[in-house]
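Report on the structure given below.
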Amino acid sequence: MQAKAIYIWDLLIRIFHWSAVILISLDYWFLEGGDTLHTWAGYSLGAIVVVRIGWGFAGTTHARFADFFPTPARLRSHLARRSLAPGEGHNPLGALMILAMLGLMALIVISGWMQTLDRFWGEPWVEQLHEYSAELLLFMAVVHVLAVLTVQRISGVPLVKPMLTGWRRLPAGNVDSEER
C-alpha cells in the first residue's frame, strides 16, 4: 500500500514562518539597530504578525487558533497520550510556544516602534524591553527547533518537511480527511 500525504501547513503559514525566520535573523545578526533597514525589517515583521493573527481566526484548519489553542484539557490529554497524531498540526505544547513567540514578536515590534517616538526616545526601559524580548525570542526559537527535531525523532512523524512543502507523508494505512 502506498504512503498517503495530508495537507498540514498552507502557503500563508509557511511564508509567515520562513519570513519571520529571515527578518528576525537579519535584524538580530546583520542589521544595526536604529538603521533604516533594521527599522523596515521590524515593521515588516509587525505586518506579517498582524496577518498571521488574522489568519489564526480566518485561515485553514491547522492555521486557526481554535484548532490548537492549548486549553488545560488539551494539555492534560496531550501529556497523558505522550504522542503526536500524524494528522495534527501544533500539539498543545507547541501551541504554547507559538503563541508565546507571536506575543514576543509583537512586543519587539511595538517596543522598537516606541523608540521612534519623542515620548520614549532614549528611555532605557524601552530599549531594555526591546533587547531582552529579542534575546528571549531567540532562546525560544532554539528551544522550538530542538523540540521539533526531538519530537520528530521520537514520534517518527515528519515535522520539518511539511513546513517546506505543506504536506506530511503518513505511513501506509493511515487515513485523514485531506489526503493526497
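The values are calculated or read from the model by the stated rules, or taken from the named source; none is laboratory data. Please read these numbers as outputs of a predicted model, since none were measured by experiment. Neighbour counts run over all protein chains shown; Cβ positions are idealised from the backbone, glycine included. When the accessible area is computed, the model is the full protein with side chains, heavy atoms only, and any ligands, DNA or RNA have been set aside. Shrake-Rupley method; radii C 1.70, N 1.55, O 1.52, S 1.80 Å.
Could you calculate the contour length gain from Phe30 to Trp113, that is, 0.36 nm times the residue separation minus the distance between their Cα atoms, to one decimal place in nm?
Separation in residues times 0.36 nm, less the Cα-Cα distance, equals 28.0 nm.
Taking R0 as 25 Å, what's the FRET efficiency between Arg169 and Val51 from their Cβ-Cβ distance, rounded to 0.05?
So the FRET efficiency works out to roughly 0.30.
Nearest 10 degrees is fine. How inclined is helix 72-81 to the longest principal axis of the chain, computing both from alpha carbons?
Taking the Cα atoms of the chain, the angle to 72-81 is about 50 degrees.
Given that just one value was derived from the coordinates, which of (1) 128; (2) 119; (3) 161 is volume of the Cα convex hull per residue in Å³?
So the structure-derived entry is (1).
Simple spin-label model, 7 Å along Cα-to-Cβ: Leu149 to Trp125 in nm?
Each label point is offset 7 Å from its Cα along the Cβ direction, giving 3.9 nm.
Tell me what the chain gives for mean residue ellipticity at 222 nm when only DSSP H runs of n ≥ 4 count, each as -39,500 (n - 2.57), the sum divided by the residue total, rounded to 500 deg cm²/dmol.
Numbers: 7 runs with 113 residues, N = 180.
Mean residue ellipticity, 222 nm, calculated: -21000 deg cm²/dmol.
Enumerate the calculated ³J(HN,Hα) couplings along region 41-48 in order (Karplus 6.51 cos²θ - 1.76 cosθ + 1.60, θ = phi - 60°), each rounded to whole Hz, writing x wherever the residue is Gly or Pro.
So the Karplus estimates, Gly and Pro as x, are 5, x, 5, 5, 4, x, 5, 6 Hz.
Given the C-alpha centroids of region 76-125 and region 1-63, what is the distance between them in whole angstrom?
12 Å
Could you please state how large a percent of the accessible area of the chain is carbon and sulfur, counting protein chains only and using a 1.4 Å probe?
Working: 7250 of 10880 Å².
Summing carbon and sulfur atoms, their accessible area is 67 percent of the total for the chain.
How far is it, in nm, from the label point at Arg76 to the one at Ala100 when both lie 7 Å from their Cα along the line to the Cβ?
It is 2.2 nm.
At what distance in nm do the modelled label points of Leu37 and Ala66 sit from each other, each positioned 7 Å from its Cα along Cα→Cβ?
Computed distance between label sites Leu37 and Ala66 equals 4.3 nm.
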